[in-house]
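Colleague: Structure below; questions to follow.
Any read-out appearing in this document is the output of simple, stated calculations on the displayed coordinates, not a laboratory observation. None of these values were measured; they are calculated from a predicted model. Counting neighbours? That spans all protein chains shown, and the Cβs are built from the backbone with ideal geometry, glycine included.
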Amino acid sequence: MSASLAAFLIRYRRAMNIFLVSEEVTSSPVEGLQVFTMHLCRYLDARHDLTVIHGNGEPEKQLESIKILPRKIPFSRKLAAFFGEASPDLVIYLPSSGLTAFGLLRSIVLQRLSGAPVMTLAMQDRKIGSLHGLISRAGFRGLVLSPSGALRESLERIGIRTGGIIPGIDERLFRPVSRERKSELRVKYGLPRENFIVLHVGHIKESRNIGIFLGYRDWGAGILALVKAGYVDPVWKERLSDAGVAVMDGYIEDVHELYQASDLYLFPVRSSKGALDFPLSVIEAAACGLPVVTTRFGALPRLMDESGCFRYFDDRSEIPGLIAEIRDNHAASGAGGEDFSWNAVLGKYLEPAIGEAVSSFKRKSR
């Protein structure tokens, strides 16, 4: 049997009519949740009959999509009319602001409109309060997947079933390179070849604890701090630039090359609003062979063991010593990206959850 025929038969046996609903879906992602959404769409489209329903952005051209999702109200006449003529097997909702009370309310609305099971993906930690409990009593029968153990525990306490999920990486792009290639990439992006480059990829805003880079000159001689920005707070950008931090804020399609051009990745985020609960940039850096110095953010301590090349810090005063230790030992992460490839993580977490959500909904509907 040919590989193409085998792939077709697998798809034929497993294909479901799935609607992916999200406030923003784009083919040019600039931050972690957008990257996650893009790869989730690709994964589902390759295995199921996928329709994307969104409010902002332009999904990739091969996707069947419709822009009818309102951003500030949970439903609209257009949305109701669309679901009135559709019969999905499953609705997957990916709220762009995490599982706020509004996100949970929209999950219930999508369940009512579609008459189908709803699986909600909550990729950031959020406080689950009394309003969530009140809304859940309206009859949410779906499943919430999240990398946040704390969020899952809070949801289980108000009677909502949960499961785990994490983002992945494209292992074809995010991989270690030779010193020669690293040097070539520094020339390509106008970076000094002789410096020890400490990289951070993410938004330039307060919730990223980005001010920690203002003191980078205390981290050791010959260090260049490089921040590749998504969204930019112009005040913080000016402060970083004035301090001598190299800031790149334009869209770079081959962002993996910045990881490969660097020597160490620093993730200083503490606020749950600053990143996905399992930060995509951290596993992208590790997959490129970079040593990582990070806060004990979100799901990282639970899923990533500390080693000589993957180090946690509790106070910024620890950063110079950790960087010096890594430089002296010439530590490279060697983490690789195989276990965190999109096919691996979505196959492990998402596919079983799809089956559970559909079968559980059918049992409760009898």
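Colleague: Ratio to report: Rg/Rh of the chain, with Cα atoms as the point set and Rh obtained by the Kirkwood method; give two decimals.
Modeller: 0.99
Colleague: What's the exposure ranking of D45, D218, going from fewest to most Cβ atoms within 10 Å? Numbers along the way, then the final one.
Modeller: Values: D45 19, D218 11.
Fewest-to-most ranking of D45, D218: D218, D45.
Colleague: Can you tell me, using C-alpha contacts under 8 Å and at least 6 residues apart, the relative contact order of the stretch 179-340 as a whole percent?
Modeller: On the way: 270 pairs, mean separation 35.4, N = 162.
Reported relative contact order: 22 percent.
Colleague: Computed FRET efficiency, Cβ-Cβ of D249 and D314, R0 35 Å: what is it to the nearest 0.05? Don't skip to the answer; put the middle values down first.
Modeller: Working: r = 30 Å, r/R0 = 0.85.
Step by step, r from the Cβ atoms, then E = 0.75.
Colleague: Using only Cα atoms and rounding to the nearest 10 degrees, what angle (0 to 90) does helix 342-365 make with the longest principal axis of the chain?
Modeller: In the chain, helix 342-365 runs at an angle near 20 degrees to the longest axis.
Colleague: Can you give the Rg and Dmax of the stretch 179-340 based on its C-alpha atoms, in angstrom?
Modeller: Using the Cα atoms of the stretch 179-340, the pair Rg, Dmax is 14.5, 40 Å.
Colleague: Say the cut-off is 28 Å between C-alpha atoms; which of K72/K205; K67/K228; K72/K273; K188/K237; K228/K273 go over it?
Modeller: Check vs 28 Å cut-off fails for K67/K228.
Colleague: Moving on to the next point. Just to confirm a number: summing +1 for Lys and Arg and -1 for Asp and Glu over residues other than R71 whose beta-carbon lies under 14 angstrom from that of R71, what do you get?
Modeller: +2
Colleague: Write down the radius of gyration of the stretch 238-325 and its Dmax, each obtained from C-alpha positions, in Å.
Modeller: Every Cα atom of the stretch 238-325 included, Rg and Dmax give 13.5, 37 Å.
Colleague: Hey, what number do you get for the chain at 222 nm if only DSSP H runs of n ≥ 4 count, each worth -39500 (n - 2.57), divided across all residues, to the nearest 500?
Modeller: After summing the helix terms and dividing by the residues of the chain, the value is -11500 deg cm²/dmol.
Colleague: How far is helix 319-329 tilted, in degrees, relative to the longest principal axis of the Cα atoms in the chain, given as a value from 0 to 90 rounded to the nearest 10?
Modeller: 70 degrees
Colleague: Using Cα atoms only, what is the angle between the long axis of helix 101-114 and the major principal axis of the chain, expressed in degrees (0 to 90) to the nearest 10?
Modeller: 40 degrees
Colleague: Give the percent of DSSP beta bridges with both residues in the chain that are antiparallel, rounded to the nearest 5.
Modeller: Working: 0 of 45 bridges.
Percent antiparallel among DSSP bridges in the chain is about 0.
Colleague: Still on this structure, please answer the following. Any chance you could run the full-extension gain for R179 through E356? It's 0.36 nm times the residue separation minus the Cα-Cα distance, nm to one decimal.
Modeller: Result for the pair: 59.1 nm of gain on full extension.
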